[in-house]
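The values are calculated or read from the model by the stated rules, or taken from the named source; none is laboratory data. From a predicted model like this one, the values you see are computed outputs, not experimental measurements. When we count neighbours, we look across all protein chains shown, and the Cβ atoms used for this are built from the backbone with ideal geometry, even at glycine.
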Amino acid sequence: MLRRGAWYPIVDETDDGKVVIEVRKKPVRVSRIDVAVRESPPDRWSIVIRTGLLRPTLGGREGEEVTTTYAVCPQCQERQDFSGKPDALKCLRCKTESKVDWSEIC
């Protein structure tokens with residue numbers, strides 16, 4: 001299953017409008033129109049809005065904040081919750097600090 005906001009390298013392109021991407025070291029064939037193709041990996045945090053099955057159940061426990069968005073680290077692709085609208089985030093996993101890309105929300 002592909003993760004929204006993640007970056008996957010393209011290993012092949014087909015004549016029928018498909019691309020083959022590498023997901024967990026395995027080739028996965030997807031329609032080119034279903035993915036955003038970039039020349040290089042992002043250098044800023046990607047913001048992802050949880051939708052559909054990934055949307056948290058509303059009306060959770062009393063006093064708990066419902067998280068509907070997360071950020072994806074441009075260096076290690078770790079998903080991380082955040083609050084507010086920060087200009088930059090520091091990854092809890094790889095410790096890299098990068099700016100947040102608010103111009104394109106996934």
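For this structure, a couple of remarks:
- Within the stretch 68-96, residues that are not assigned by TED's automatic domain parsing to the domain that holds ARG4 reach partners that are assigned to a loop (DSSP other than H, G, I, E, B) and hydroxyl-bearing (Ser, Thr, Tyr) with beta carbons closer than 6 Å, at six or more positions or on different chains, in the pairs GLN75/THR96; ASP81/THR67.
- Flag if ASP34 is surrounded by fewer than 12 Cβ atoms within 10 Å (Cβ to Cβ) and either in the same structural domain as TRP102 (by TED's automatic domain parsing) or at pLDDT 90 or above (or both): no
- Residue satisfying condition, being of a type outside the set (Val, Ile, Thr) and either at pLDDT 90 or above or surrounded by 12 or more Cβ atoms within 10 Å (Cβ to Cβ) (or both), within set GLU97, GLU64: GLU97
- Members of the stretch 11-31 found to be surrounded by 10 or more Cβ atoms within 10 Å (Cβ to Cβ) and closer than 16 Å to GLN77 by Cβ, listed by number: ILE21, GLU22, VAL23, VAL28
- Some residue of the stretch 80-90 being within 11 Å of the chain's Cα centre (by Cα) and surrounded by 14 or more Cβ atoms within 10 Å (Cβ to Cβ): yes
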